[in-house]
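Notes to accompany the following structure.
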Amino acid sequence: MADDKDVLRDVWFGRIPTCFTLNQDEVTEREAEPYYLLLPRVSYLTLVTDKVKKHFLKVMRAEDVEEMWFEYEGTPLKWHYPIGVLFDLHASNNVLPWSITVHFKNFPDHDLLHCPSNSVIEAHFMSSIKEADALKHKSQVVNDMQKKDHKQLWMGLQNDKFDQFWAMNRKLMEYPTEDGGFRYIPFRIYQTMSDRPFIQKLFRPVSPEGSAHSLGDLLKEMYPDAITNDGEQKRYQVVIHGIEPLLETPLQWLSEHLSHPDNFLHICVIPLTHQPAG
């Protein structure tokens, strides 16, 4: 079970300084000042931006306001991806604060899901937890929980309550000692240079011979280009929660400690832009 509480806390309390600016095409009654916020990496944009919305609505007329959405350098930001994943995927090589543009019209239906209320976020979050538990425990743990237990997971995330969340989430991180880990590791590998949203396949934390699989083993099978061979120049960064874990790190440990609250290990593969030597 996940016992390294300091790691769990560091992951939970990771923040990204962000500057929200209103898109210049929006109609305002006076100039809209930017709004600064520390965004929690493990949450979702639409869950933590009520203050942003209120700030910009002060300078707008009600008839000019439709559904709020966010964009970074021309890319609409998918609210159903955790904030940390969006940052690592699109902006990790840029200076802080992260500059996000806020829109209130021309919602890009082909790029983004609508999010009319927090209940939509909750449904998405809980379906991810259930999917992860199907992979880890054949759904036995999540099915044994009561409705109030599910609510405790959601309220812990929504209200940024680490202890409340982990009091329940630790049950989802347990496994029989003799198994050596979960049945399968819930993971998603994201790339910016792909039309495919992410890679997600079945992968066990332990080999048939009983040895622990590492992050490198997962990448060799799922995304071999991300591995740098001897003598090659490094082409990709493999990032989880803004850090590059050693490829030797056991996958089971990563799943227990560096998964997002949705219980998935979100891995970003980011191409490195090599500067010509000058």
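The values are calculated or read from the model by the stated rules, or taken from the named source; none is laboratory data. Keep in mind that what you see is a predicted model, and the values were worked out from it rather than measured. Reconstructed Cβ throughout: ideal geometry from the backbone, glycine too, with neighbour counts over all protein chains shown. When the accessible area is computed, the model is the full protein with side chains, heavy atoms only, and any ligands, DNA or RNA have been set aside. Shrake-Rupley method; radii C 1.70, N 1.55, O 1.52, S 1.80 Å.
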Completion exercise
The percentage of the accessible area of region 163-272 (probe 1.4 Å, all protein chains present) made up of carbon and sulfur atoms, to the nearest whole number, is 49
Problem - Formal net charge of residues neighbouring residue 12 (Cβ-Cβ distance under 12 Å; K, R +1; D, E -1) - result: +1
Exercise for the section: Could you state the angle between the C-alpha long axis of helix 147-158 and the longest principal axis of the C-alpha atoms of the chain, as a value from 0 to 90 degrees rounded to the nearest 10? Expected result: 60
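Please report the relative contact order for region 38-192, taking Cα pairs under 8 Å with a sequence separation of at least 6, and give it as a percent rounded to a whole number.
On the way: 142 pairs, mean separation 34.6, N = 155.
Once divided by the residue count of region 38-192, the mean separation gives 22 percent.
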Practice task
Could you please state how large a percent of the accessible area of region 1-118 is carbon and sulfur, counting protein chains only and using a 1.4 Å probe?
Solution key: 49
Practice task
Could you work out the relative contact order of region 150-246, using alpha carbon pairs under 8 angstrom and six or more residues apart, expressed as a whole percent?
Solution key: 13
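Where nothing but the Cβ of Lys and Arg (+1) and of Asp and Glu (-1) is charged, how large is the charge dipole of region 220-274 around its Cα centre, in debye to the nearest 20? Before the final figure, lay out each step's value.
Working: 3 positive and 8 negative charges, 28 e Å.
So the magnitude is around 140 debye.
Let me spell out the model: positive unit charges on the Cβ of Lys and Arg, negative unit charges on the Cβ of Asp and Glu, origin at the Cα centre of the chain. What dipole size does that give, in debye rounded to 20?
Working: 29 positive and 40 negative charges, 117 e Å.
With only Lys, Arg, Asp and Glu charged at Cβ, the dipole is about 560 debye.
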Problem - Extreme residue, positive dipole direction of the chain, given options 49, 243, 84 (C-beta unit charges) - result: 49
Exercise for the section: Determine, from the Cβ-Cβ distance of residue 54 and residue 95 and an R0 of 30 Å, the FRET efficiency 1/(1 + (r/R0)^6), rounded to the nearest 0.05. Expected result: 0.65
Handout entry: Eligible aspartates and glutamates near residue 220 by straight Cα distance, threshold 14 Å, same-chain separation 8 or greater
Key = 248
Practice task
Two decimals is fine: what is log10 I(q)/I(0) at q = 0.14, 0.15, 0.21, 0.23 Å⁻¹ for region 38-113, from a Debye sum with one equal scatterer on every Cα and no solvent?
Solution key: -0.46, -0.52, -1.01, -1.18
Practice task
Once you've got the Cα coordinates, tell me which of 51/148; 54/78; 53/138 are over 32 Å apart.
Solution key: 53/138
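Sequence gap at least 6, Cα distance under 8 Å: using those rules, report the relative contact order of the chain to the nearest whole percent.
Details: 429 pairs, mean separation 53.3, N = 278.
That works out to 19 percent.
Find the accessible area per residue for the chain; the probe is 1.4 Å, ligands and nucleic acids are left out, and the unit is Å².
Working: 14190 Å² over 278 residues.
Averaged over the residues of the chain, the accessible area is 51 Å².
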Problem - Listed residue (146, 70, 224) projecting farthest to the positive dipole end of the chain, Cβ model - result: 146
Exercise for the section: Can you figure out the FRET efficiency of residue 244 with residue 160, using R₀ = 30 Å and their beta-carbon distance, to the nearest 0.05? Expected result: 0.70
